[in-house]
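See structure below.
The values are calculated or read from the model by the stated rules, or taken from the named source; none is laboratory data. Keep in mind that this is a model prediction, so the values were computed, not measured. Cβ: placed from backbone, ideal geometry, glycine included. Neighbour counts: every protein chain shown.
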Amino acid sequence: MCNEDIRYICALEDEFPEKLKGIPTPPQGIYVKGRLPDPGKKTVSIIGSRNNSEYGRGVAEYFAKELSKNGVQIVSGMARGIDGISQSAALAAGGSSFGILGCGIDVVYPPENRRLYEIILEKGGIISEYPPGMSPRASLFPQRNRIISALSDILLVIEARQKSGTSITVRCALDQGRDVFAVPGRITDPLSHGCNKLIADGAGIATCPGDILEALGLIKCGKNKHRKISLKKFTNLSEKQLKIIRYLDYNPININEIAYKTGYDLSDLTLELLKLELKGCVEKAGQGFYILKMNT
Amino acid sequence: MFSSVHSLALHGLEVREVSVEADIAEGGLPVFEMVGFLGSEIKESKDRIRTALRNCGFYLPPKRITVNLSPADMRKTGSHFDLPVAVSLLRSMGIITESTDDTVFAGELSLSGKISKVTGILPMAIKAHELNYKRFIVPKENAAEGGAVDGIEVIGVSDIDEVIRFLNKDIVIDPRRIDVEELINTKKLYSADFSEIKGQKAARRAIEVAASGMHNILLTGPPGGGKSMMAKCIPSILPDLTKDECMEITGIHSIAGILGSEGLVTKRPFISPHHTVSRQALSGGGGIPKPGDVSLAHRGVLFLDEFPEFARSTIEILRQPMEDREIHISRASGNYTFPANFLLAAAMNPCKCGYYPDKKCTCSETSIKKYLSGISGPILDRIDIVCNVEGLSFEDLNSDETSGEDSATIRGRVTDTFEIQKKRFKDMRINFNSEMSTKDIRVFCELGEKEEELFKESFEILNLSARGYHRILRCARTIADMDHSDRISCVHLSEAIGYRSAYRGLWNV
């Protein structure tokens with residue numbers, strides 16, 4: 001191997017992940033940069049649309065963070081959208097994450113995820129079936145999806161359209177006997193059609209990270225403390241700020257609308273929103289729009 | 001017989017004296033020759049003048065006629081030399097008998113002998129007055145423009161015959177006088193007024209802040225939200241022009257040849273080039289450059305709609321004028337400096353489909369990033385205020401809710417803020433908060449303890465850059481001024497921070 005960091009692990013070697021051995025059409029071997037997932041730890045794949053909504057971003061970050069805090073490893077495809085977002089969030093929360101690529105292991109695709117690639121190498125690993133230097137090709141991605149699902153205990157779908165690459169991964173997971181969970185969404189939202197369909201077909205419903213932790217056996221049934229995103233955590237907020245928070249949502253809301261609903265003066269409102277932003281309760285999504293931060 | 005009359009030549013924004021000499025000599029073959037480093041429009045004037053004179057009943061004699069425009073080493077362009085050449089010939093022919101030593105001429109001839117309008121009359125009139133001429137004979141249509149200059153008689157004429165009779169003292173024409181102050185103070189109709197805009201509280205406020213401190217502003221928002229409409233309102237809330245400003249702007253517009261029939265520019269200009277505009281059209285161009293859009297927008301608003309659609313190289317041209325408030329153009333014929341002190345208002349959609357961050361948006365994060373990266377960092381750096389103009393719903397449009405204040409009320413407040421700044425920068429080279437250098441910011445934008453703390457925290461958590469630091473302070477100073485407050489408070493500061501350009505990860509500067 002030209003680069004010492006890259007190892008090739010043959011399917012016959014002991015080190016080869018057990019989870020990959022039992023699946024239909026297992027890879028003959030894998031290239032690894034960094035380390036392999038810890039077999040003693042639970043693993044969840046978080047996947048979803050590349051064209052995620054702001055809401056989807058928040059949900060992905062929230063699930064990835066909470067799961068990481070409970071020692072779960074996050075596996076995904078390092079793609080644009082939900083994949084990359086959940087991996088970044090998991091790493092930021094101090095967890096570990098593994099990227100499964102549909103190209104050579106030394107090729108960063110998409111290129112804007114270079115920073116993520118580097119952090120994953122530090123705190124996890126990159127895995128690919130394909131030899132180093134191989135450029136990304138559309139036909140390779142469905143193949144790599146079977147490795148994503150195989151490495152996980154649970155496959156979690158955040159946002160997906162009816163027809164998408166996500167459905168391929170889901171099919172693989174079912175063939176491999178992995179549990180599939182989906183985050184439900186509005187019936188009018190095209191980005192939730194895929195998820196809602198999965199639920200209709202019998203997938204688990206993920207309304208909070210606790211649902212996943214419960215299914216993984218990390219918390220006891222009925223002891224789910226992660227049931228709700230509660231406002232109670234905002235302990236040191238003023239009356240005004242609480243009122244503003246009440247009108248905010250996980251979808252972006254225009255400042256004019258907030259002003260109208262709360263009845264506050266624009267300049268006052270800007271100050272309070274800034275304070276909330278500094279406290280990490282809200283976030284600016286585009287100019288003049290505010291969004292509630294999910295994982296507070 | 002030899003004769004000489006006076007005229008003026010335009011050289012960029014500068015006006016130079018030119019004397020037009022004509023000589024009609026006996027002997028040799030009959031020719032009509034014009035010399036003196038002439039542009040082709042002047043060389044062609046030979047035929048115009050000969051025909052115009054004949055149609056007025058004066059035949060050029062079949063002799064050796066030579067016309068020289070001196071100084072001969074300066075290239076001359078423009079069609080306004082027709083009249084001085086014709087007058088010079090008529091004097092040589094003995095038809096005009098009175099002296100024209102204290103008179104300057106400018107005007108273009110048509111074949112019928114009528115005198116049609118030309119460009120650059122106002123700067124010429126100013127120069128003629130400086131050179132102590134008593135009279136300036138101009139086309140009738142340009143008389144109003146020239147009449148704005150005190151101390152020189154500006155006479156508007158409509159044809160050659162009138163000129164001859166006037167110079168020979170057969171008739172009297174009263175000089176045209178324009179009272180600039182009165183013209184400025186008369187009520188003006190702006191193309192758009194803030195009273196026509198419903199809702200949009202946040203955007204209205206942002207525009208008022210921008211106008212008060214002459215901060216450059218970028219309006220983002222979905223299509224049809226009224227970005228262009230709001231931008232059009234900006235001139236209507238800027239303070240009225242002073243007499244000096246009026247003369248300055250009129251001079252530039254006169255040279256560019258875009259002066260309307262009213263003769264003077266009494267409203268702040270609003271220049272809105274299409275996004276296909278060439279670099280030369282924006283900066284000013286030509287062999288002897290004419291002012292471009294940045295100069296035409298001097299003391300007014302330069303509005304660039306669909307900002308990311310402009311060629312990048314075109315937008316980058318704005319960097320120097322936005323910094324220096326003037327533009328330097330170098331050509332083979334020399335170096336030219338045109339004033340370019342404008343308020344830049346730009347408008348754009350937040351993404352390709354136009355609806356981000358609304359749920360209607362169909363763009364991926366990548367395509368949004370790609371779209372936004374069309375605006376370069378250095379240009380964003382020079383824009384102090386970024387503000388969203390939201391889309392309106394049917395209810396908004398249909399509501400009976402009284403529309404907001406009208407422009408005149410807002411203009412009153414903006415004028416007050418202008419005064420405060422004038423006082424502050426009394427002995428300095430700058431006029432507005434937006435022009436403060438980092439040194440000035442240290443002096444004029446001192447923060448209290450509480451504000452310092454808020455700013456420091458924002459800086460760290462919101463990941464602001466050093467460039468952002470100064471922009472926020474400049475803007476906060478204006479907001480405090482609007483409040484008639486000497487010190488910048490937390491409310492002022494937070495509003496300024498709210499105007500920073502923030503699109504997740506990309507524009508956080």
Only one of (1) more than 12 Å from chain A (Cβ to nearest Cβ); (2) in a helix (DSSP H, G or I); (3) under 32 Å from the mean Cα position of the chain (by Cα) does not apply to residue B:429, and that is (2)
Residue B:109 passes all but one of the listed conditions (1) within 27 Å of the chain's Cα centre (by Cα); (2) under 15 Å from residue B:7 (Cβ atoms); the exception is number (1)
Given (1) among the β-branched types (Val, Ile, Thr); (2) more than 14 Å from every other protein chain (Cβ to nearest Cβ); (3) under 21 Å from the mean Cα position of the chain (by Cα), number of the condition residue A:85 does not satisfy: (2)
Subset of the stretch A:68-80 (residues that are in a helix (DSSP H, G or I) and under 25 Å from residue A:252 (Cα atoms)): none
Here the residues within the stretch A:90-124 that are of a type in the set (A, V, I, L, M), assigned to a helix (DSSP H, G or I) and free of Cβ contacts under 8 Å to residues at least 60 places away in the same chain are A:90, A:91, A:92, A:116, A:119
Would you tally the residues in the stretch B:195-249 being within 14 Å of another protein chain (Cβ to nearest Cβ), surrounded by fewer than 24 Cβ atoms within 10 Å (Cβ to Cβ) and of a type in the set (Lys, Arg)? 4
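Taking the stretch B:19-53 as the search range and keeping residues that are without any contact (Cβ under 8 Å) to a residue 60 or more places away in the chain and assigned to a strand (DSSP E or B), which one is farthest from residue B:250 (Cα to Cα)? Let's see the steps before the verdict.
Step one: of the stretch B:19-53, the residues without any contact (Cβ under 8 Å) to a residue 60 or more places away in the chain are B:19, B:25-44, B:46-47, B:50.
So of that shortlist, the ones also assigned to a strand (DSSP E or B) come out as B:19, B:25, B:31-35, B:38.
Numbers: B:19: 25, B:25: 43, B:31: 41, B:32: 37, B:33: 36, B:34: 32, B:35: 32, B:38: 27 Å.
Ranking the qualifying residues of the stretch B:19-53, first place goes to B:25.
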Just one listed residue, out of A:200, A:215, is modelled with pLDDT of 85 or more, away from chain B (no Cβ under 13 Å) and surrounded by 15 or more Cβ atoms within 10 Å (Cβ to Cβ), and it is A:215
Step by step: first the residues of the stretch B:351-367, then only those that are surrounded by fewer than 22 Cβ atoms within 10 Å (Cβ to Cβ) and part of a helix (DSSP H, G or I), then the one that is nearest to the other protein chains (Cβ to nearest Cβ). Which residue is that? B:366
Just give me the residues in the stretch B:308-350 being within 14 Å of chain A (Cβ to nearest Cβ) and either among the polar types (S, T, N, Q) or out of contact with any Gly (no Cβ under 9 Å at 6 or more places or on another chain) (or both), in sequence order. B:346, B:349
I'm told residue B:72 meets every condition in (1) in contact with a Phe, Trp or Tyr (Cβ under 8 Å, 6 or more places away or on another chain); (2) crowded, with 16+ Cβ neighbours inside 10 Å; (3) among the hydrophobic types (A, V, I, L, M, F, W, C) except one. Can you identify the failing condition by its number? (2)
From the option list B:434, B:465, single residue qualifying as under 38 Å from the mean Cα position of the chain (by Cα), more than 14 Å from every other protein chain (Cβ to nearest Cβ), in contact (Cβ under 8 Å) with a residue 40 or more places away in the chain and surrounded by 19 or more Cβ atoms within 10 Å (Cβ to Cβ) is B:434
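Could you identify the single residue in B:447, B:493 that is touching a Phe, Trp or Tyr at 6+ places or on another chain (Cβ under 7 Å), of a type outside the set (Lys, Arg) and more than 12 Å from every other protein chain (Cβ to nearest Cβ)? Talk me through it step by step, then tell me what you get.
Values: B:493 fails: more than 12 Å from every other protein chain (Cβ to nearest Cβ).
After applying the criteria, what remains is B:447.
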Check on residue A:185, of a type outside the set (Val, Ile, Thr) and either modelled with pLDDT of 95 or more or within 15 Å of residue A:62 (Cβ to Cβ) (or both): yes
Within the stretch B:268-295, take every residue that is charged (D, E, K, R) and crowded, with 19+ Cβ neighbours inside 10 Å and give me the one that is nearest to the chain's Cα centre (by Cα). B:293
Every pair of residues 6+ apart whose Cβ atoms lie under 9 Å, when the first sits in the stretch A:36-50 and is touching a residue at least 40 places away in the same chain (Cβ under 8 Å) and within 18 Å of residue A:184 (Cα to Cα) while the second is buried (at least 24 other Cβ atoms within 10 Å of the Cβ) and among the charged types (D, E, K, R): A:46/A:83; A:47/A:83; A:48/A:83; A:48/A:159; A:49/A:159
Looking only at the stretch A:190-216, count how many residues are in contact with a strand residue (DSSP E or B) (Cβ under 6 Å, 6 or more places away or on another chain) and assigned to a loop (DSSP other than H, G, I, E, B). 2
State the number of residues belonging to the stretch A:48-62 that are within 9 Å of another protein chain (Cβ to nearest Cβ), assigned to a loop (DSSP other than H, G, I, E, B) and under 10 Å from the mean Cα position of the chain (by Cα). 0
Considering residues that are facing chain B (nearest Cβ under 7 Å) and assigned to a strand (DSSP E or B), the number found within the stretch A:273-284 is 1
Can you list the strands (runs of 3 or more DSSP E) found entirely within the stretch B:292-345 that contain at least 3 residues being at pLDDT 95 or above? B:301-304
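Considering only the stretch B:143-167, how many residues are assigned to a loop (DSSP other than H, G, I, E, B) and either in contact with a His (Cβ under 8 Å, 6 or more places away or on another chain) or modelled with pLDDT of 95 or more (or both)? Before you say what the answer is, go through the steps one by one.
Initial filter on the stretch B:143-167 (assigned to a loop (DSSP other than H, G, I, E, B)): B:147-152, B:158.
Then drop every residue that is not either in contact with a His (Cβ under 8 Å, 6 or more places away or on another chain) or modelled with pLDDT of 95 or more (or both), which leaves B:149-152, B:158.
Count: 5.
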Restricting the stretch B:48-69 to residues that are closer than 27 Å to residue B:142 by Cβ and out of contact with any strand residue (DSSP E or B) (no Cβ under 9 Å at 6 or more places or on another chain), which is surrounded by the fewest Cβ atoms within 10 Å (Cβ to Cβ)? B:57
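Of all residues being within 8 Å of chain B (Cβ to nearest Cβ) and crowded, with 20+ Cβ neighbours inside 10 Å in the stretch A:260-272, which is farthest from residue B:198 (Cα to Cα)? Just the residue, please. Spell out how you get there, then give the answer.
Initial filter on the stretch A:260-272 (within 8 Å of chain B (Cβ to nearest Cβ)): A:266-268, A:270-271.
Now drop any that are not crowded, with 20+ Cβ neighbours inside 10 Å, which leaves A:270-271.
Values: A:270: 21, A:271: 25 Å.
In this case the residue turns out to be A:271.
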